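Only one structure is covered here, and it is reproduced in the block below.
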Amino acid sequence: MKIGSVAKGLTLFIAMGMTHIASAHENTESAKVDVLIKTQHAWDGSAYKEYPHGQPEVSVLKFNLKPNSVLPWHEHPYPNAGYVLSGTLTIQDKSGHSQTYQQGQGFAESVNHVHRGITGPDGAVLIVVYSGVKDVPPSISEPGEKPEF
C-alpha cells in the first residue's frame, strides 16, 4: 500500500466521519473520495449517543500491535474509529461476539461497552481516530487489567 493511498484514505476517514456504506464514492474534478466508514453505530450494533460535555479534542494514534496479542478488556467513553493498515484485528466483547477486520478495512468502536482486540499471526498496524474530550482518557481498562496503552 502506497503512502499516498494511506494518507488519502486517512484524510477521507477523518473528514467523512464514519459509516458503513458499500462502495460509496464522492468525486470532483480535483479528488476521488471513497467513503470507508460513516455510521451512527459501533461494530457491535450499539448506537452512538450524545457526546460527553467539555472541550472537544481529536487524537489520531498509530498502533503497532504484535502478532497473536490480546489487548486488555477496556471501554471507550466516546466514539472512535480505526483503519487497518496491515494485518488483522478481531474485536471481541465479553459475550464472545466478535468481528474481524483486515488490511484496508475501517471499524467503529463501541462506547461504554467492554471489549478487547486480538491480532492474528502477522500482528496489526492501525490508525485510530478518537473524537474525544480534553482531559478524558480515550480508553478505560477493566479493574485488574493493564492499560490498553
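In this structure, does T28 turn out to be more than 17 Å from the chain's Cα centre (by Cα) and either among the hydroxyl-bearing types (S, T, Y) or surrounded by 12 or more Cβ atoms within 10 Å (Cβ to Cβ) (or both)?
Details: more than 17 Å from the chain's Cα centre (by Cα): yes; either among the hydroxyl-bearing types (S, T, Y) or surrounded by 12 or more Cβ atoms within 10 Å (Cβ to Cβ) (or both): yes.
So T28 fits the description; yes.
Of the residues screened, Y83 is not one that is under 23 Å from L36 (Cα atoms), in contact with a Pro (Cβ under 8 Å, 6 or more places away or on another chain) and aromatic (F, W, Y).
Taking the criterion of being among the β-branched types (V, I, T) and surrounded by 16 or more Cβ atoms within 10 Å (Cβ to Cβ), the residues of region 61-89 that qualify are V84, T88. Taken together, the residues in region 78-115 that are part of a loop (DSSP other than H, G, I, E, B) and either among the acidic types (D, E) or more than 17 Å from V129 (Cα to Cα) (or both) amount to 7.
Of the residues T100, T88, which is within 14 Å of the chain's Cα centre (by Cα) and within 13 Å of S69 (Cα to Cα)?
Going through T100, T88 in turn, the sole match is T88.
Would a scan of region 54-69 turn up a residue that is in a loop (DSSP other than H, G, I, E, B), closer than 25 Å to V35 by Cα, of a type in the set (D, E) and touching a residue at least 12 places away in the same chain (Cβ under 8 Å)? Checked against the condition, which is being in a loop (DSSP other than H, G, I, E, B), closer than 25 Å to V35 by Cα, of a type in the set (D, E) and touching a residue at least 12 places away in the same chain (Cβ under 8 Å), region 54-69 yields no hits at all.
Taken together, the values in this text are just the output of simple stated rules run on the coordinates, not laboratory data. Only a predicted model underlies this, so the values are computations on that prediction, with no experimental measurement involved. Using ideal geometry, Cβ is built from the backbone for each residue, glycine included, and neighbour counts are taken over all protein chains shown.
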